[in-house]
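Worksheet: the structure to be examined is printed underneath.
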Amino acid sequence: ATNMYRAGIKALNIMRITGHRSEKTFLRYIRQTNEEVAEELAQHPYFTGNSLKVAN
């Protein structure tokens, strides 16, 4: 599950494959270091300024 999660597959799709019914239980199996979380967030469009803008 961790490798699929790291590859960018959505948690709900992985849960369908693994048979987990609750996200709480599923997340017990996802192993990410603080550094991995920080790197993932740093690359996210929200933090890089590349996020979509909503028209007013």
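The values are calculated or read from the model by the stated rules, or taken from the named source; none is laboratory data. Fair warning: this is a prediction, and the values are worked out from it, not measured in the lab. Cβ placement follows ideal geometry from the backbone for every residue including glycine, while neighbour counts extend to all protein chains displayed.
Overview of results
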quantity	calculated
Meets criteria (assigned to a helix (DSSP H, G or I) and either at pLDDT below 90 or among the aromatic types (Phe, Trp, Tyr) (or both)) for TYR46	yes
Contacts under 7 angstrom Cβ, first residue in segment 30-47 being under 14 Å from ARG6 (Cβ atoms), partner not in a helix (DSSP H, G or I), 6 or more apart	ILE30/ALA1
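Here is a yes/no grid of residues against (1) exposed (fewer than 10 other Cβ atoms within 10 Å of the Cβ); (2) assigned to a helix (DSSP H, G or I); (3) more than 11 Å from the chain's Cα centre (by Cα); (4) modelled with pLDDT of 90 or more:
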residue	(1), (2), (3), (4)
LEU12	no, yes, no, yes
LYS24	yes, yes, yes, yes
ARG31	no, no, yes, no
GLU35	yes, yes, yes, yes
ASN50	yes, no, yes, no
ASN56	yes, no, yes, no
